[in-house]
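Undergrad: Shown below is the structure under consideration.
Nothing in this text is a laboratory measurement; each read-out follows from the coordinates by a stated rule. Owing to the predicted nature of the structure, the values given are computational and were not obtained by experimental measurement. Cβ: placed from backbone, ideal geometry, glycine included. Neighbour counts: every protein chain shown.
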Amino acid sequence: MRIATYNAENLFSRPKVMLYESWEDGRQVLEDYAEMSSLIQRETYDSATKSRLLTLVQRHLKGPVPPGGRRIKLNEVREKLVTGSGQNMRIKPNGRGDWVGWFELVRDDIKGVEVVNTGRVIDAVRPDVLCLVEVEDRPSLVRLNEQVLQHEFQFVFNHQILVDGNDDRGIDISLMSQWPILGVRSYTDMPRPGIHEPVFSRDCPEYVVGLPNGELLIVLGNHFKSQGYGNQAANDAKRRDQAAAVAQIYQSALQRTNLVVVAGDLNAGPDHASLAPLIQGTDLRDVMTHPTYQGLPGTYGTATNETRQKLDYLLLSPALWALVQGVDVERRGVYAPNTFPHFPEVTSKTTQASDHACVWV
């Protein structure tokens with residue numbers, strides 16, 4: 001059995017703001033989008049709320065159209081958020097109950113060569129069970145399986161599933177498997193301790209796979225809070241709460257089978273304090289610490305720095321760890337020509353499959 005995890009960075013469409021080569025280039029738009037979405041949820045729009053909301057609306061919806069088009073759009077179902085124009089523009093409703101609508105990130109198609117290169121990475125690994133992170137929806141997952149993997153590489157998964165999570169950018173956590181997926185449980189509404197919000201930025205879907213010998217394999221898929229934008233201390237605190245929540249879910253999963261894997265993008269290095277409840281606080285073992293693995297320490301970008309570039313994990317329960325025969329990282333879908341080889345079809349950062357590598361055991 002071969003198990004893998006891979007952050008594909010969406011398959012066929014992605015918010016325009018996340019298509020920049022550098023995360024920094026889209027940081028301000030994502031921060032503004034998050035603030036706008038938060039402001040409109042307030043029960044009462046006081047003068048300060050209206051003023052700030054109007055500033056952001058003017059910046060992203062009413063000002064000059066940036067190259068490539070707008071990154072944020074406004075959907076209005078009942079009543080209008082903004083009335084007037086020019087100097088007379090104002091926020092019309094006095095609170096959330098006065099109108100129905102929401103902000104949304106504008107999406108754009110991913111180039112076909114990137115999609116095929118994503119399939120090329122998966123084909124090179126050919127896992128039996130794959131945790132695929134940052135997938136926009138299940139139809140995209142099925143399309144990848146049938147139109148890319150099967151058509152281009154004559155490789156196909158028998159089963160695929162995705163649970164829609166908390167992130168409204170459409171970056172969810174899916175599972176593709178050669179063996180039946182017998183159960184799924186979502187933790188999207190698991191509360192964050194002491195704070196009125198879900199603990200998971202996306203989810204920690206629990207996928208139960210039926211193995212040919214009758215045993216059960218439980219895969220806990222994850223995509224923790226990023227370090228990319230927002231307040232760093234708050235990000236770290238939320239990631240630590242997520243790690244603690246997954247540790248709790250893991251202990252529960254062990255009551256049903258001793259074959260459990262925590263997979264996905266944890267968005268921090270293994271020694272980062274925010275991951276301690278999961279990595280130091282449980283008996284899970286990171287496959288990249290196994291003696292059979294001799295490669296670069298990271299999984300992201302050039303992968304040369306474990307602290308900053310080790311983001312993707314396969315953490316195994318003791319029973320799975322005892323069965324490990326080999327570990328590797330498939331990096332050829334990443335364009336880092338001065339550090340390691342890439343597929344001939346990966347010619348630049350715009351044609352790379354993802355800036356994450358695929359970890360397998």
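Undergrad: Using a Gaussian network for the chain with springs between C-alpha atoms less than 10 Å apart, which of these wobbles most: V17, V82, V125?
TA: Evaluated over the chain, the most mobile residue of the options is V82.
Undergrad: Moving to a separate point now. Which shape class applies to region 162-201: rounded if a/c is under 1.5, otherwise prolate when a/b exceeds b/c and oblate if not, where a ≥ b ≥ c are the square roots of the Cα gyration tensor eigenvalues? Numbers along the way, then the final one.
TA: Details: a/c = 4.25, a/b = 1.91, b/c = 2.22.
Cα axes put region 162-201 in the oblate bin.
Undergrad: For the chain, with only Lys/Arg (+1) and Asp/Glu (-1) charged at the beta-carbon, what is the dipole magnitude about the Cα centre, in debye rounded to 20? Kindly include the intermediate steps, with their values, before the conclusion.
TA: On the way: 38 positive and 44 negative charges, 180 e Å.
For this selection, approximately 860 debye.
Undergrad: Which of L211, L30, L323 ends up with the largest GNM mean-square fluctuation for the chain, with Cα atoms connected below 10 Å?
TA: Evaluated over the chain, the most mobile residue of the options is L323.
Undergrad: Starting from the Cα gyration tensor of region 214-343, take the square roots of the eigenvalues, sort them a ≥ b ≥ c, and report rounded, prolate or oblate (rounded when a/c is under 1.5, otherwise prolate if a/b is larger than b/c, else oblate).
TA: Note, shape of region 214-343 comes out oblate.
Undergrad: In vacuo Debye scattering of region 76-235, one point per C-alpha: log10 I(q)/I(0) at q = 0.10, 0.11 Å⁻¹?
TA: -0.54, -0.63
Undergrad: Let me ask you something else. Using Cα positions and a limit of under 18 Å, work out the lysines in reach of K80, with same-chain residues fewer than 8 apart set aside.
TA: Partners within reach: K50, K62, K92.
Undergrad: Which listed residue (Y187, H151, G26) has the Cα farthest towards the positive end of the charge dipole for the chain, taking +1 on Lys and Arg C-beta and -1 on Asp and Glu C-beta about the Cα centre?
TA: Of Y187, H151, G26, it is G26.
Undergrad: Between V65, V324, V208, where does the largest GNM mean-square fluctuation fall for the chain, given springs only between Cα atoms within less than 10 Å?
TA: Sorting by GNM fluctuation, first place goes to V65.
Undergrad: Right, something else. Under 5 Å between amide hydrogens, which residues at least 5 positions from S201 or on another chain qualify, with H placed 1.01 Å from N in the peptide plane?
TA: Placed amide hydrogens put K225 under 5 Å from S201.
Undergrad: Continuing with this model, one more query. Quick one, can you get me the convex hull of the C-alpha atoms of region 82-172 expressed as volume per residue in Å³?
TA: Looking at region 82-172, the number lands at 139 Å³ per residue.
Undergrad: In sequence order, what are the phi-derived ³J(HN,Hα) couplings for region 26-32 according to the Karplus relation 6.51 cos²θ - 1.76 cosθ + 1.60 with θ = phi - 60°, rounded to whole Hz, with x for glycine and proline?
TA: After applying 6.51 cos²θ - 1.76 cosθ + 1.60, I find x, 4, 5, 5, 5, 5, 5 Hz.
Undergrad: May I ask you to list the aspartates and glutamates whose Cα is less than 16 Å away from that of K16, ignoring any residue fewer than eight positions away on the same chain?
TA: Partners found: E24, D25, E31, D32, E104, D108, D109, E114, E134, E136, D167, D168.
Undergrad: Based on the alpha carbons, how large is the Rg to Rh ratio for region 1-122 when Rh follows Kirkwood? Walk me through the intermediate numbers first.
TA: Details: Rg = 18.2 Å, Rh = 16.6 Å.
Answer for region 1-122: 1.10.
Undergrad: Give a residue-ordered list of calculated ³J(HN,Hα) values for region 137-149 (Karplus: 6.51 cos²θ - 1.76 cosθ + 1.60, θ = phi - 60°; whole Hz; x for Gly, Pro).
TA: In residue order, the calculated couplings are 5, 5, x, 5, 5, 5, 5, 4, 5, 8, 9, 10, 4 Hz.
Undergrad: Which whole-Hz ³J(HN,Hα) couplings does region 250-256 yield from phi under the Karplus relation 6.51 cos²θ - 1.76 cosθ + 1.60, θ = phi - 60°, glycine and proline marked x?
TA: So the Karplus estimates, Gly and Pro as x, are 4, 4, 5, 4, 5, 6, 10 Hz.
Undergrad: A follow-up question, please. Can you give the charge dipole size of region 1-158 about its Cα centre, rounded to the nearest 20 debye, using +1 on the beta carbon of Lys and Arg and -1 on the beta carbon of Asp and Glu?
TA: The calculated dipole for region 1-158 is roughly 640 debye.
Undergrad: Return one quarter of the surface area of the convex hull spanned by the alpha-carbon atoms of the chain, equal to its mean projected area, in nm².
TA: Projected over every direction and averaged, the Cα hull of the chain covers 19.0 nm².
Undergrad: Then there is this: Between region 259-327 and region 1-69, what's the alpha-carbon centroid distance in Å?
TA: With region 259-327 and region 1-69 each reduced to a Cα centre, they are spaced 30 Å.
Undergrad: What shape does region 33-102 have by the C-alpha gyration tensor, where a ≥ b ≥ c are the square roots of the eigenvalues, rounded means a/c under 1.5, and otherwise prolate means a/b greater than b/c and oblate the rest?
TA: prolate
Undergrad: Of S140, L315, G281, which is farthest along the charge dipole of the chain in the positive direction, counting Lys and Arg as +1 and Asp and Glu as -1 at C-beta?
TA: S140
Undergrad: Can you tell which of I72, S354, I91 lies farthest toward the positive end of the dipole of the chain, using +1 and -1 charges on the Cβ of basic and acidic side chains (Lys, Arg; Asp, Glu)?
TA: Value computed over the given set: I91.
Undergrad: If the reach is capped at under 21 angstrom between alpha carbons, list the lysines near K238, excluding any in the same chain fewer than eight residues apart.
TA: Reachable lysines: K225, K310.
Undergrad: What GluC sites (Glu not before Pro) does region 59-157 have in DSSP loop regions with at most 13 other beta carbons within 10 Å?
TA: Sparse-neighbourhood loop GluC sites (Glu not before Pro): E79.
Undergrad: May I ask you to list the chymotrypsin sites (Phe, Trp or Tyr not before Pro) in region 2-72 that are in a DSSP loop and have at most 11 other Cβ atoms within 10 Å of their Cβ?
TA: none
Undergrad: Sticking with this one: Show the residues, 5+ positions off or on another chain, whose built amide H is closer than 5 Å to the amide H of N222.
TA: Residues meeting the criterion, in which the H sits 1.01 Å from N, are A263, G264, D265.
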